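S.K.: Please see the structure below; I have some questions.
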């Protein structure tokens with residue numbers, strides 16, 4: 001059996017990644033019967049990826065020392081996001097990437113700007129992207145390829161933020177950093193070639209939480225987001241929805257891993273009721289920007305996204321909601337090896353481009 005370092009090495013190898021592209025007939029033999037739950041059937045190649053993880057007997061990230069957990073998360077994100085074409089030929093073409101710092105409430109914050117190539121003259125829409133990783137993992141390098149893809153395919157300038165991580169910096173540090181980054185982007189939009197009236201706040205998983213919080217906290221202000229893009233967001237850390245019962249122990253993001261995330265992020269579990277922790281618990285959602293909400297079918301947080309979409313609609317907010325019912329939590333970082341994840345990301349970008357077009 002492979003230990004965690006060996007599994008990391010495996011995913012760095014092109015041969016192993018190509019194994020994820022074997023014919024479906026082989027995959028079906030290797031994985032056995034399809035997994036169908038709640039009327040949804042797991043994507044076959046995703047099933048195969050989970051089988052590889054399971055057979056490796058790798059330690060769960062939440063069972064590792066934090067430095068190892070962070071290294072493992074970064075390794076998986078970089079490997080599973082990467083194109084299978086040689087020498088980076090399949091990586092998204094980018095016009096310019098700039099690493100810089102911006103002021104934050106606890107000191108300077110690293111940020112990375114991605115400018116798409118071959119865009120028309122004029123100021124671009126811009127996206128503040130807030131990464132996932134349980135508020136304790138991830139960063140600019142882990143999400144470099146997803147951010148390149150987002151910029152290249154959306155035609156938007158993307159600013160990725162390296163917010164402070166727990167447990168060194170517990171709630172509300174990540175929220176405060178995200179708000180500071182949003183205000184910086186709004187104040188400096190024209191200086192970096194962005195259109196201040198076409199700014200999007202976006203994130204996946206824990207970053208989706210932060211994006212939803214930014215939208216709520218900036219409501220009614222001149223610098224409020226024009227659009228919010230939430231990808232399998234974590235919206236209620238009480239963890240009581242039915243999707244926790246259905247998908248809590250097999251599909252990468254488990255109930256146990258989510259409890260680890262909550263415990264490492266919060267100083268006091270009573271903070272679960274704070275809308276800055278659980279945006280679904282906000283009393284009033286009126287006046288928020290249009291929302292694009294995308295969930296994964298085999299995901300403990302699936303139902304939170306659906307409930308948030310319903311609650312936003314009831315408050316008069318325009319919402320586009322879609323559940324990618326064959327996918328798992330984390331698919332943003334799997335487009336290099338899972339065709340279903342790549343198609344989902346294409347659809348997400350198409351939805352964003354359509355919503356931006358509605359702004360005029």
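The values are calculated or read from the model by the stated rules, or taken from the named source; none is laboratory data. Computed from a predicted structure; not experimentally measured. Here Cβ is always computed from backbone atoms with ideal geometry, including for glycine, and neighbour counts include all displayed protein chains.
S.K.: With assigned to a helix (DSSP H, G or I) and crowded, with 22+ Cβ neighbours inside 10 Å as the only criterion, which of 203, 207 stands out?
M.R.: Numbers: 203 fails: assigned to a helix (DSSP H, G or I).
After ruling out the rest, the residue left standing is 207.
S.K.: Considering only the stretch 32-53, I want to know if a residue exists there that is part of a helix (DSSP H, G or I), at pLDDT below 80 and crowded, with 18+ Cβ neighbours inside 10 Å. Break it down into steps so the answer makes sense when it comes.
M.R.: Step one: of the stretch 32-53, the residues part of a helix (DSSP H, G or I) are 44-53.
Right, trim to at pLDDT below 80 and you get 52-53.
Checking the rest, the ones that are also crowded, with 18+ Cβ neighbours inside 10 Å come to 52.
The answer is yes, given that some residue of the stretch 32-53 is part of a helix (DSSP H, G or I), at pLDDT below 80 and crowded, with 18+ Cβ neighbours inside 10 Å.
S.K.: Output the number of residues of the stretch 284-305 satisfying the condition of being under 24 Å from residue 332 (Cα atoms) and either surrounded by fewer than 17 Cβ atoms within 10 Å (Cβ to Cβ) or not assigned by TED's automatic domain parsing to the domain that holds residue 232 (or both). Steps first, please.
M.R.: Of all residues in the stretch 284-305, those under 24 Å from residue 332 (Cα atoms) come to 289-305.
Narrowing the set further to residues that are either surrounded by fewer than 17 Cβ atoms within 10 Å (Cβ to Cβ) or not assigned by TED's automatic domain parsing to the domain that holds residue 232 (or both) leaves none.
Total meeting the criteria: 0.
S.K.: Something else about it: Answer with yes or no whether residue 275 is modelled with pLDDT of 95 or more, in contact with a helix residue (DSSP H, G or I) (Cβ under 7 Å, 6 or more places away or on another chain) and surrounded by fewer than 20 Cβ atoms within 10 Å (Cβ to Cβ).
M.R.: Details: modelled with pLDDT of 95 or more: yes; in contact with a helix residue (DSSP H, G or I) (Cβ under 7 Å, 6 or more places away or on another chain): yes; surrounded by fewer than 20 Cβ atoms within 10 Å (Cβ to Cβ): yes.
Yes.
S.K.: Go through (1) assigned by TED's automatic domain parsing to the domain that holds residue 346; (2) within 16 Å of residue 335 (Cα to Cα); (3) at pLDDT below 95 and name the single condition residue 144 misses.
M.R.: With (1) assigned by TED's automatic domain parsing to the domain that holds residue 346; (2) within 16 Å of residue 335 (Cα to Cα); (3) at pLDDT below 95 applied to residue 144, the lone miss is (3).
Here is a yes/no grid of residues against (1) part of a strand (DSSP E or B); (2) crowded, with 24+ Cβ neighbours inside 10 Å; (3) assigned by TED's automatic domain parsing to the domain that holds residue 77:
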{"residue": "135", "(1), (2), (3)": "no, yes, no"}
{"residue": "140", "(1), (2), (3)": "no, no, no"}
{"residue": "158", "(1), (2), (3)": "yes, yes, no"}
{"residue": "168", "(1), (2), (3)": "no, no, no"}
{"residue": "171", "(1), (2), (3)": "no, no, no"}
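S.K.: Going by what's in this entry, would residue 337 be described as touching a helix residue (DSSP H, G or I) at 6+ places or on another chain (Cβ under 8 Å), crowded, with 22+ Cβ neighbours inside 10 Å, under 22 Å from residue 260 (Cα atoms) and in contact (Cβ under 8 Å) with a residue 60 or more places away in the chain? It would help to see each step written out before you state the result.
M.R.: Working: touching a helix residue (DSSP H, G or I) at 6+ places or on another chain (Cβ under 8 Å): yes; crowded, with 22+ Cβ neighbours inside 10 Å: yes; under 22 Å from residue 260 (Cα atoms): no; in contact (Cβ under 8 Å) with a residue 60 or more places away in the chain: yes.
No.
S.K.: Which numbered condition trips up residue 243, out of (1) in contact with a strand residue (DSSP E or B) (Cβ under 8 Å, 6 or more places away or on another chain); (2) surrounded by 20 or more Cβ atoms within 10 Å (Cβ to Cβ); (3) more than 25 Å from residue 142 (Cα to Cα)?
M.R.: (1)
S.K.: What single numbered condition from (1) outside any helix (DSSP H, G or I); (2) surrounded by fewer than 19 Cβ atoms within 10 Å (Cβ to Cβ) fails to hold for residue 191?
M.R.: (1)
S.K.: Right, residue 322: surrounded by fewer than 22 Cβ atoms within 10 Å (Cβ to Cβ) and more than 23 Å from residue 243 (Cα to Cα) or not?
M.R.: Values: surrounded by fewer than 22 Cβ atoms within 10 Å (Cβ to Cβ): yes; more than 23 Å from residue 243 (Cα to Cα): no.
It is false that residue 322 is surrounded by fewer than 22 Cβ atoms within 10 Å (Cβ to Cβ) and more than 23 Å from residue 243 (Cα to Cα).
S.K.: Is there a residue being modelled with pLDDT under 95 and over 27 Å from residue 176 (Cα atoms) anywhere in the stretch 326-334?
M.R.: yes
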